[in-house]
Amino acid sequence: MEFTHFNEEGRARMVDVSDKDITARVAEARGTIVMKPDTIDLIRSMKIEKGDVLAVAQVAGIMAAKRTSDLIPMCHPVMTTGIDIDFTVQENSIDVRARVKTVERTGVEMEALTAVSVACLTIYDMCKAVDRGMRIGDIRLTYKSGGKSGEYRGE
């Protein structure tokens, strides 16, 4: 397999997707933010001073997915047709899942990964006053479909 983001001189380029078929594409990503159980309790009871942590993180993740090409230099701007983010609150962590859809010439893997990353960062930002030791990690692509390469299932 070769890298496609380099031209003949070895310099960065945006891949030309003009000849790709327009297909329905879906990507799902996941990540986790680990924190103290007391912080989880504050989130659940809506006692974080900055407000509803998960509602704000959800909106932040959606907004980030829509702006991914502004953040990742060789990422194509993609018209998303759907973005969904959900949270599974555990005893000492929150699992974040983002699912992004489009009908385009290129996939939305980066949009899903960006949504998860920014949702986790938003949770950190909203809770840092009570828990600076939170850890964000295990951000990964768990599913993608559409396009020439077909379906991928992670985990």
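The values are calculated or read from the model by the stated rules, or taken from the named source; none is laboratory data. Keep in mind it's a predicted model, so treat the numbers as computed, not measured. Virtual Cβ from ideal backbone geometry, glycine too; neighbours counted across all protein chains shown.
Does the stretch 110-121 include one or more residues that are in a strand (DSSP E or B), among the β-branched types (V, I, T) and in contact (Cβ under 8 Å) with a residue 12 or more places away in the chain? There is no residue in the stretch 110-121 that is in a strand (DSSP E or B), among the β-branched types (V, I, T) and in contact (Cβ under 8 Å) with a residue 12 or more places away in the chain. Of the helices (runs of 4 or more DSSP H) entirely within the stretch 35-108, those holding at least 3 residues that are under 15 Å from the mean Cα position of the chain (by Cα) and not polar (S, T, N, Q) occupy 53-66.
What's the total number of residues in the stretch 136-155 that are in a loop (DSSP other than H, G, I, E, B) and touching a residue at least 12 places away in the same chain (Cβ under 8 Å)? Count: 5. Just checking, which of D138, D95, D125 is in contact with a Lys or Arg (Cβ under 7 Å, 6 or more places away or on another chain), of a type in the set (D, E, K, R) and either over 24 Å from T23 (Cβ atoms) or surrounded by fewer than 15 Cβ atoms within 10 Å (Cβ to Cβ) (or both)? Sole residue among the options that is in contact with a Lys or Arg (Cβ under 7 Å, 6 or more places away or on another chain), of a type in the set (D, E, K, R) and either over 24 Å from T23 (Cβ atoms) or surrounded by fewer than 15 Cβ atoms within 10 Å (Cβ to Cβ) (or both): D95.
So in the stretch 16-40, with the set limited to residues that are touching a residue at least 60 places away in the same chain (Cβ under 8 Å) and surrounded by fewer than 12 Cβ atoms within 10 Å (Cβ to Cβ), which one is nearest to G137 (Cα to Cα)? Per the stated criteria, the residue is D38. All conditions but one from (1) in a strand (DSSP E or B); (2) farther than 24 Å from P73 by Cβ apply to G133; the one that does not is (1). Could you count how many residues in the stretch 49-86 are surrounded by fewer than 18 Cβ atoms within 10 Å (Cβ to Cβ) and more than 22 Å from T23 (Cα to Cα)? Counting residues in the stretch 49-86 that are surrounded by fewer than 18 Cβ atoms within 10 Å (Cβ to Cβ) and more than 22 Å from T23 (Cα to Cα) gives 13. Taking the criterion of being at pLDDT 95 or above and either among the acidic types (D, E) or over 28 Å from C127 (Cα atoms) (or both), the only residue of the stretch 47-68 that qualifies is D52.
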